[in-house]
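Quick notes on the structure that follows.
Rule-based calculations on the coordinates, nothing more; no lab input. For clarity, every value in this text was computed on a predicted model and none was experimentally measured. All Cβ positions, even for glycine, are placed from backbone atoms using ideal geometry, and neighbour counts span all protein chains on display.
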Amino acid sequence: MSGNVVIGQSGGPTAVINQSLVGVAETLRGQKGIGRIWGACNAVRGMIEDRFVDLTDIPQDVLDRIANTPSAGLGSSRDKPDADYCAKIFEVLKKKDVQYFFYIGGNDSSDTCRIINELANESGYELRCFHVPKTIDNDLMHNDHTPGFASAAKFVAQAFMGDNLDNRALAGVKINVVMGRHAGFLTAASVMGRRNEEDGPHLVYVPEVAFDEDKFLGKVDATYKKYGRCLIAVSEGIHDEDNVPMAIRLAAEQGHHVERDAHGNIQLSGTGALGDFLSQLVKSKLKISRVRADTFGYMQRSFVGCTSPVDAAEARAVGAAAARHALSGDVDGSLAIQRVNDQPYEVAYKRVELGDVAGKTRTMDVSHIVDGCDIADSFRDYLRPLVGELPVIETFS
């Protein structure tokens, strides 16, 4: 099949999303039947506005530098296309004689890819559509882990190592809110730098289990009395037993309101509200004066100098695998990274159906969660080969 190529990057940027972009482009360049290779500026928004970058003849050394640069080199978009929006994209692809479409992103991106694929099939137009996985949340079905997660997890682990030292030097209660609306993988990564039981985070709360205010306060109180301090990791999406996000519940209890984004979702990452609400709860109920909170927000997504080598290599490899599948025949799908061995660590890149990934969310296995407020060693074993070596530190006893 002969024709042009469009590659897009969607959703939140990561430290390695450009690796996947380059993995697709460099694998396709020079292949029989491949014409121009276009990068869509700002994802679907750029497609309907006909804004593209020609990647066909960019020198390899430039592509390599782009691959090693965090964030989305083409720009991204938070648009969530419906059928009408996707129909406009499809018309642009046809006008540009595009026969290969690659979309790098998470759950919503896979759904966009699915809709466009269905439009092409219904109209009898030859278009091979591939979703290339990306998300720091690590929440895509059929994936052992997703490109971007390991680097963000490494950042979170090292940030907590530093904050633990800070909390040790100037004791108090410190709460760090980490990304994770429905899945707690990234928050759980906070335990990777823990050397002993005295090291924080002492408490870890993820969305996979219901959050109980009274139990939380009891655990904070006991930890503070035992160590004279308490470092806490909290997923932004924690909720009560009725599935009400704690950001909403605590806001109501403390007489505040929470913001919503353009899609009606509660603003969790772009605000420090949850951390402030939890801090106020601890101060008022436990009468501890030194209580502080930080919200990591977006900074773990594209932090320079904290990329996991395994993450970078796999992100490029999964992009290349998508390109090879597209060239192999009349197929579409989503690529998944699946672990095939722990010792030595080894993965395979498998094609799965778009409908098996699109719009679905994978969460942490609850076997990794201890007593609703800690993370088991089994999770550290799972994450260790992805994150790699962490800095070695030492303190006075």
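Of note:
- Local electrostatic count, residue 235, Cβ distance below 11 Å [Lys/Arg +1, Asp/Glu -1]: -2
- Charge dipole (debye, nearest 20) of the chain; +1 at Cβ of Lys and Arg, -1 at Cβ of Asp and Glu: 740
- Positive-end ranking of 359, 337, 378 along the dipole of segment 273-397, with charges on Cβ about the Cα centre, is headed by 359.
- The distance linking segment 209-238 with segment 306-367 is 35 Å (Cα centroid to Cα centroid, whole angstrom).
- Positive-end residue of 92, 55, 123, charge dipole of segment 50-139 with Cβ unit charges: 55
- Charge context of residue 357, other residues only, Cβ under 9 angstrom, K/R +1, D/E -1: -1
- Among the trypsin sites (Lys or Arg not before Pro) in segment 128-236, those located in a DSSP loop and surrounded by at most 12 other Cβ atoms within 10 Å of their own Cβ are 195.
- In the chain, the calculated helix contribution to ellipticity at 222 nm averages -12000 deg cm²/dmol per residue, counting -39,500 (n - 2.57) for every DSSP H run with n ≥ 4.
- When the pairs 174/287; 134/360; 80/154; 80/134 are compared against a 20 Å limit on Cα-Cα distance, 80/154 fall above it.
- The chain - share of DSSP beta bridges that are antiparallel (%, nearest 5): 30
- Extension gain for the segment residue 88 to residue 345, taken as residue separation times 0.36 nm less the Cα-Cα distance, is 88.2 nm to one decimal.
- Label point of residue 393 set 7 angstrom out along Cα-Cβ; within segment 148-172, amide nitrogens under 11 Å from it belong to 157-169.
- Between helix 377-387 and the chain: long-axis angle, C-alpha atoms, 0 to 90°, nearest 10: 50
- Among 354, 119, 28: highest mean-square fluctuation, GNM of the chain, C-alpha pairs under 10 Å: 119
- Fully extended contour minus Cα-Cα distance, from residue 287 to residue 378, at 0.36 nm per residue: 29.2 nm
- Convex hull per residue volume in Å³, alpha carbons only, for segment 46-193: 153
- Subtracting the Cα-Cα distance of residue 169 and residue 241 from 0.36 nm times their residue separation leaves 22.3 nm of extension gain.
- Per residue, the average separation of C-alpha pairs within less than 8 Å and at least 6 apart gives the chain a relative contact order of 22 percent.
- Prolate/oblate/rounded call for segment 76-135, Cα gyration tensor, a/c under 1.5 rounded: prolate
- Largest GNM mean-square fluctuation across 320, 171, 152, computed for the chain with C-alpha springs under 10 Å, falls on 171.
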